Amino acid sequence: MARRSTKTPPPDDFEERILDIDVVDEMQGSYLEYAYSVIYSRALPDARDGLKPVHRRILYQMHAMGLRPDRSYVKCARVVGEVMGKLHPHGDSPIYDALVRMAQGFSMRVPLVDGHGNFGSLGNDDPPAAMRYTECRSAPAAGLMVESIDEDTVDFSPNYDGSEQEPAALPAAYPNLLVNGSAGIAVGMATNMPPHNLGEVIAAARHLIKHPGADLETLMRMVPGPDLPTGGKIIGLDGIKDAYATGRGTFKIRATAAVEQVTARRKGLVVTELPFAVGPEKVISKIKDLVNAKKLQGIADVKDLTDREHGLRLVIEIKNGFNPEAVLEQLYKLTPMEESFGINNVALVDGQPLTLGLKELLEVYVDHRFNVVRRRSEFRRTKRRDRLHLVEGLLVALLDIDEVIRLIRSSENAAQAKESLIARFGLSDVQTQYILDTPLRRLTKFDRLELESERDRLRGEIEELTRILESDAELRKLVSSELAAVAKKYGTERRTELLESAGAPLATVPLEVADDPCRVLLSSTGLLARTANGDAPFDQAAKRVKHDVVVSAVPATTRGEVGAVTSAGRLLRLTVVDLPQLPESSASPNLAGGAPVAELLTLESDERLICLTTLDESSPGLALGTEQGVVKRVVPDYPAHKDELEVISLREGDRIVGAVELRTGEEDLVFITNEAQLLRYQAGQVRPQGRAAGGVAGIKLGGPEAKVISFTAVDPAADAVVFTVAGSHGTLDDSVLTAKLTPFDQYPRKGRATGGVRCQRFLKGEDCLTFGWAGAAPARAATRTGTAAELPEPDPRRDGSGVPLAKPVAAMAGPF
């Protein structure tokens, strides 16, 4: 069955008319209308107030809603609804997106909206919350944008349906387009303008007001370049000069990063400022991709430690053995830590899109501000003239108030009273009506004085406004002073650093640390570090701060290894490049910047690090002394494939109390026991043994409580001393300790495994030595916390008694 047509047939008198139109002309005309609509109504800012229609409508509607900075916040959804319903006939998403951007301190140099809630993060890594959750009100700068808008300062036009009026531009008390910048893509054109510093832009505008013929070079002395809300560094100013001259140019933005000691073992790059519109997540993602693709070396870890208290803090840990500066150069080259910004100053001037340079942008704004102030002054003068007219009429009536009252009472109605007053006093219709509407309570003597004062004030204000309107110089002076007041109240310091160039390229710095000579140091408080120069002199006795008593130091190379001998008889390999490097500026390095032993080595709870040693198999080897009096010289046999070696087989309950790497093999080995016995003999009396051996008898101990408290090796040709501290087993009171410092040559050599000689006589209450040490002079003493402790004057008696000790000594060291 055939389907019936549902179309309504044309009437009998219908005359069909078909117009032949060239499709090219139709498409061109329609496309141009569409393009102009996008350009004018959406994408490009007006050069006068620097706002696109959606931003202008948001600010105006918030002003109309009374959302001033001193009022409470309202839901953003309410503002978006008001704007969409009255002024902006588009979706709610673009309106909310525009509102969010005006509240972001990292997008706007001077935010226009005061937001409460989650308004997103840098780079949009964390998108803003929905508008039903966030709240807003006008920021102080928004008040400057709409200031005096109710005084006929700008033109208004009907909204999309003619039911409301909206401003064609805002009064804009500061050059918002330059200060906050803009970005937009229209049809066939785009704009991309960076933010600038408010104080600098206003200074240039005021200079242009005073000197209309100022050249670009002069203006650029005041506006040297953009000032981005995220800070950073602008590299190369040639592109900025081109943009200020022609409206187009390019410059590079570089992140602000510094090399810091981020962990005990590693240095790192701490990024505190990123390029404009680049978020930390974007940087982290790019770094990870490059590391996985093996296009970027030297990165150990990346952490985003950004918070509200400290702001942006992106920590990039650098692997040991790599130069942080060289890695940073690679990051600038391969990641968004350095980005290009293309300036394209396209804005609407009288409805036409134009590409403007710095001077042209300032001129358009200054002309707009002249027009605003002129119209505001005219409006205020008219208002004051109208008021003065009423006040003068009321004063005329007050001069003969009895006659006024008589005329009003004798009149049959208000119209007759008005006619009588006009005829009698020569008043205008407006003045007469005002007199009739004035209550009797305003006709007192005091009110007359107030009216006369108001009349004089109004005349003075009218005279001042007339002077401004009739004098171009006064108008310029007023606009300049208002701009100066804005700069003084809202101006801030520049955040972005301007650099002519990036400086010398770091390509000459090798990516990996060179294998230079250095020395590895161990402090008395268990800190490890390496020096920058292996040949630099080191004075142990120089004045230094806490954590600087070096108890062991060995030569090494930056990319080499050293050994660490523990009290359990283990030798652990230590990679030198993993150690923090001390500054080169001091001959007496401060180990406060060293890394704790626990960060580098895994030790048992009762195990401690005794000394450092080279792994040079041509050296005389290690000399070890144990608590039970065993001595051993270790054959320097250290297999490269083992990270842990046993250097002595200890008896049960025994431990190493001292270890030292022999330099010549001619040193004297020195034992000191808690019974105040000191034994000294040549190292040659001890035969070197393999690593698995248990050593030989080193010193003969006395009673069952006797034990070795110190084992060292001393060069007999060097100036050396012996330091001992006497105390008691039964007390922990440090104030009863006595100490003695004696020249080393006062102690004769004895045979190995003998009892030695007495090194300190006990006083009453003393029954043992709590500390002992023998080594090269000058010696340096330290407490348990690493602070310096004073030593007593030398006592030539080897068995003499001690003197009271000011501070308890926990460590001693001589020069290295």
Exercise. Once the convex hull of the C-alpha atoms of the range 568-676 is built, how many Å³ does it hold per residue, rounded to a whole number?
Worked result: 165
Exercise. Roughly what angle does helix 445-470 make with the longest principal axis of the chain, taking Cα atoms, 0 to 90 degrees, to the nearest 10?
Worked result: 80
Problem set entry | Alpha-carbon centroids, the range 112-146 and the range 652-724: separation in whole Å | 74
Problem set entry | Per principal axis, descending, Cα span of the range 517-813 in whole Å | 54, 42, 38
Seminar exercise, completed: Kirkwood radius from Cα pairs of the range 258-334 plugged into Stokes-Einstein at 25 °C, 0.890 mPa s, gives D in µm²/s equal to 193
Exercise. How far is helix 198-210 tilted, in degrees, relative to the longest principal axis of the Cα atoms in the chain, given as a value from 0 to 90 rounded to the nearest 10?
Worked result: 50
Seminar exercise, completed: Full extension between Asp97 and Arg448 adds, at 0.36 nm per residue less the Cα distance, a length in nm of 120.7 nm
Seminar exercise, completed: Calculated from DSSP helices alone, with each H run of at least 4 adding -39500 (n - 2.57) and the total divided by the residues of the chain, [θ]222 nm to the nearest 500 comes to -9500 deg cm²/dmol
Exercise. Where the convex hull is taken over the Cα atoms of the range 384-429, what is its projected area averaged over directions, in nm²?
Worked result: 3.0
For this session: Note down the Stokes-Einstein diffusion coefficient of the range 51-171 in µm²/s, whole number, using a Kirkwood radius over alpha carbon pairs, 25 °C, and 0.890 mPa s.
Result: 170
Exercise. Between Glu617 and Thr466, what is the label-to-label distance in nm when each label sits 7 Å out along the Cα-to-Cβ direction?
Worked result: 10.9
Seminar exercise, completed: Residue separation between Val291 and Asp215 times 0.36 nm, minus their alpha-carbon distance, gives in nm 22.4 nm
Problem set entry | Debye-sum result for the range 106-230 in log10 I(q)/I(0), which assumes one identical scatterer on each alpha carbon, at q = 0.12, 0.13, 0.17, 0.19 Å⁻¹ | -0.66, -0.77, -1.17, -1.28
For this session: Please figure out what share of the DSSP beta bridges in the range 736-816 is antiparallel and state it in percent, rounded to the nearest 5.
Result: 80
For this session: Just need log10 I(q)/I(0) for the chain at q = 0.07 Å⁻¹, Debye formula, equal scatterers on the alpha-carbon atoms, no solvent, rounded to two decimals.
Result: -0.77
Exercise. Relative to the first principal axis of the alpha-carbon coordinates of the chain, what is the inclination of helix 324-334, with its axis defined by its Cα atoms, in degrees from 0 to 90 and to the nearest 10?
Worked result: 40
Problem set entry | Cross-link partners of Lys295 among lysines (Cα-Cα below 26 Å; sequence separation of 8 or more within a chain) | Lys233, Lys252, Lys267, Lys282, Lys286, Lys303, Lys319, Lys333
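What is the order of Ile405, Ile240, fewest Cβ neighbours within 10 Å to most? Write down the numbers at each step before the final one.
Details: Ile405 13, Ile240 23.
With the fewest neighbours first, Ile405, Ile240 line up as Ile405, Ile240.
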Exercise. What FRET efficiency do you get for Ile408 and Asp152 if R0 is 35 Å and r is their Cβ-Cβ distance, rounded to the nearest 0.05?
Worked result: 0.45
Problem set entry | Reduced Cα scattering model of the range 308-432, Debye log10 I(q)/I(0), q = 0.10, 0.12, 0.22, 0.23 Å⁻¹ | -0.69, -0.79, -1.19, -1.23
For this session: Give me the distance between the Cα centres of the range 43-80 and the range 235-293, rounded to whole Å.
Result: 33
Exercise. Cross-link list Lys52/Lys489; Lys707/Lys764; Lys241/Lys294; Lys383/Lys488; Lys75/Lys383: which exceed 28 angstrom alpha carbon to alpha carbon?
Worked result: Lys241/Lys294; Lys383/Lys488; Lys75/Lys383
For this session: Could you work out the Rg to Rh ratio of the range 658-749, with Rh taken as the Kirkwood radius (inverse of the mean 1/r over all Cα pairs)?
Result: 1.00
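Just so you know, all these numbers are worked out from the coordinates, no wet-lab data involved. Remember, it's a predicted structure, so these values are computed and weren't measured experimentally. Because the Cβ atoms are built from the backbone with ideal geometry, glycine has one as well, and the counts that use them run over all protein chains shown.
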